[in-house]
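Accompanying notes for the structure given below.
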Amino acid sequence: MGVSVQPPPSIPPKVLTNQKLKSLKPKEKQYKVADSGGLYILVKPNGSMLWQKKYRQDGKERSASFGPFPKVSLKEAREQRDDLEKLRRAGLDPSRVKKARKRQRGNLFREVGEEWLQNQAGHLKENTLDKARQHLRRRVFPFIGELDISEVEPPDVLDLLRRIEEEGFHETAHRCKQRMSQVFAYGIATGRCTRNPTSDLARALKPVAIKHRAAITNPKSVGTLLREINNYSGHPAVSAVLYILPRTFLRPWELRFADWSEIDFERGFFTVPESRAKGRFKLEHLVPLSRQVAAKFRELQKLNGNRKFVFETNKPGQPFSENTLNNAMKRMGYGGDLMTAHGYRAMASTLLHERGYPPEVIELQLAHKQRNQVAAAYNRSSRLPERIQMMQEWSDYLDDLAKSD
């Protein structure tokens, strides 16, 4: 009677477990730990872990990435590995199939960027959102907008930013880098990419020199400027904002986006809502209306009273841009090196201090950020009688300057 010989049992391949994965520690150099079926985990020096698989397609070695652990679990990584093998057995190129699927999901940088912009409505101030939209659509999308967001590399971003720097717009380059970083972060959060290439560009851009906005603070020169404003013959809405801005010393966007519902003629106040206030701690801001400013608002009401925004020009539902203001000032002979729309705040602060008004009253009306944020919450109406008096006397003072030669 013969003895049957059993073949030796096959040795199962070494496989990872969740416990093993959690015990992996970063080393000086990245290393791989194998699972089964060609799947492995790549452990990087910074501690991040990425699922990958090597395979051959058309005689060439390829690498497939399945995402980071623990966001992609061991079970999910094995499922993606098996899906890849099914595609290969069907005669398909997994890399091309993956790219096609991404395109269907809206994975182009432009598509992810537009989605991010839509999601920022209500989170960013309208002026900030408008500038972010312009930076992305005019400066970024034309160069990398049609690239898959997961395939954009640091050199792609740096080349784009260098182009902007070469035009002399160093601050714009930094702004574009900031917006791209936010789009990549959103792409990571929504599963369209796994890294932010802008993080590799620290100190790669030229620093931006801090420039103080130009402002006229000499009383005689202020009088000359005010006379030029009084003689301005452009669009009535632009003329009105040029008149009102120095008498309220608001930030340009706070005034440009004024809504008629924010003007209270009976009580004599213009209320800047929290959504348009500056800073992390956004607080509603009260602006007392002098007789002169209230009268100018009433004049404009006859023109734009049936529209949403106070300072609309030719496009209903859309206020004009800050460039419109600065361009109007240039036509009057006041370029950015002499005076800007934002410079009226410095002008008012300097002259009001010189005229002896209490610094804290001036700061309250300028709506400067308070050091104590708890105290700031109660400052909406702080020292309001003094502010009302100061704003009326300020308008009267500007009228006197405009009349004097």
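The values are calculated or read from the model by the stated rules, or taken from the named source; none is laboratory data. Being a predicted model, the structure only gives us computed values, none of them experimental. Because the Cβ atoms are built from the backbone with ideal geometry, glycine has one as well, and the counts that use them run over all protein chains shown. SASA here: full protein model, heavy atoms, side chains in, ligands and nucleic acids out. Shrake-Rupley method; radii C 1.70, N 1.55, O 1.52, S 1.80 Å.
So Lys54 passes all but one of these: (1) assigned to a strand (DSSP E or B); (2) of a type in the set (Lys, Arg); (3) surrounded by 15 or more Cβ atoms within 10 Å (Cβ to Cβ). Which condition number does it fail?
With respect to (1) assigned to a strand (DSSP E or B); (2) of a type in the set (Lys, Arg); (3) surrounded by 15 or more Cβ atoms within 10 Å (Cβ to Cβ), Lys54 is out only on (3).
Going residue by residue through region 105-118, is there one that turns out to be in contact with a Ser or Thr (Cβ under 9 Å, 6 or more places away or on another chain), aliphatic (A, V, I, L, M) and at pLDDT 90 or above?
yes
Of the conditions (1) farther than 23 Å from Ser349 by Cα; (2) surrounded by 19 or more Cβ atoms within 10 Å (Cβ to Cβ); (3) modelled with pLDDT of 90 or more, Val287 clears all except one; give me its number.
Failed condition: (1).
All but one of (1) part of a strand (DSSP E or B); (2) of a type outside the set (Asp, Glu); (3) without any contact (Cβ under 8 Å) to a residue 60 or more places away in the chain hold for Leu117; state the number of the condition that does not hold.
That leaves (1) as the condition not met.
If you go through region 305-323 one residue at a time, how many are out of contact with any helix residue (DSSP H, G or I) (no Cβ under 6 Å at 6 or more places or on another chain) and in a helix (DSSP H, G or I)?
1
Would it be correct to say that Thr172 is closer than 27 Å to Phe257 by Cα, at pLDDT below 90 and open to solvent by less than 80 Å² (accessible area, probe 1.4 Å)?
yes
List pairs: first residue in region 160-179 and under 13 Å from Gln134 (Cα atoms), second residue of a type in the set (D, E, K, R) and open to solvent by 30 Å² or more (accessible area, probe 1.4 Å) anywhere in the structure, Cβ distance under 6 angstrom, at least six positions apart or on different chains.
Close Cβ pairs (under 6 Å, with a partner that is of a type in the set (D, E, K, R) and open to solvent by 30 Å² or more (accessible area, probe 1.4 Å)) amount to Cys176/Arg139.
Within region 150-169, track down each residue that is open to solvent by less than 80 Å² (accessible area, probe 1.4 Å), at pLDDT 85 or above and not in a helix (DSSP H, G or I).
Answer for region 150-169, where residues must be open to solvent by less than 80 Å² (accessible area, probe 1.4 Å), at pLDDT 85 or above and not in a helix (DSSP H, G or I): just Val152.
Within region 203-223, how many residues turn out to be within 24 Å of Arg256 (Cα to Cα), open to solvent by 40 Å² or more (accessible area, probe 1.4 Å) and modelled with pLDDT of 80 or more?
Adding up the residues that qualify gives 1.
Residues Glu61, Glu76, Glu85: which one is part of a strand (DSSP E or B) and either within 23 Å of Arg195 (Cβ to Cβ) or in contact (Cβ under 8 Å) with a residue 24 or more places away in the chain (or both)?
Glu61
Please go through region 314-331 and pick out each residue that is surrounded by fewer than 17 Cβ atoms within 10 Å (Cβ to Cβ) and of a type outside the set (Gly, Ala, Ser).
Asn314, Lys315, Pro316, Gln318, Asn323, Asn327, Lys330, Arg331
So which residues in region 12-48 are assigned to a strand (DSSP E or B) and either touching a residue at least 60 places away in the same chain (Cβ under 8 Å) or open to solvent by 70 Å² or more (accessible area, probe 1.4 Å) (or both), if there are any at all?
Residue satisfying the conditions is Lys32 alone.
Step by step: first the residues of region 332-361, then only those that are among the charged types (D, E, K, R) and open to solvent by 50 Å² or more (accessible area, probe 1.4 Å), then the one that is nearest to the chain's Cα centre (by Cα). Which residue is that?
The extreme case among them is Asp337.
Within region 267-275, is even one residue part of a helix (DSSP H, G or I) and open to solvent by 50 Å² or more (accessible area, probe 1.4 Å)?
Checked against the condition, which is being part of a helix (DSSP H, G or I) and open to solvent by 50 Å² or more (accessible area, probe 1.4 Å), region 267-275 yields at least one hit.
Kindly indicate whether Glu146 is modelled with pLDDT under 85, over 30 Å from Pro70 (Cβ atoms) and assigned to a helix (DSSP H, G or I).
Judged against the criteria, Glu146 is not a match.
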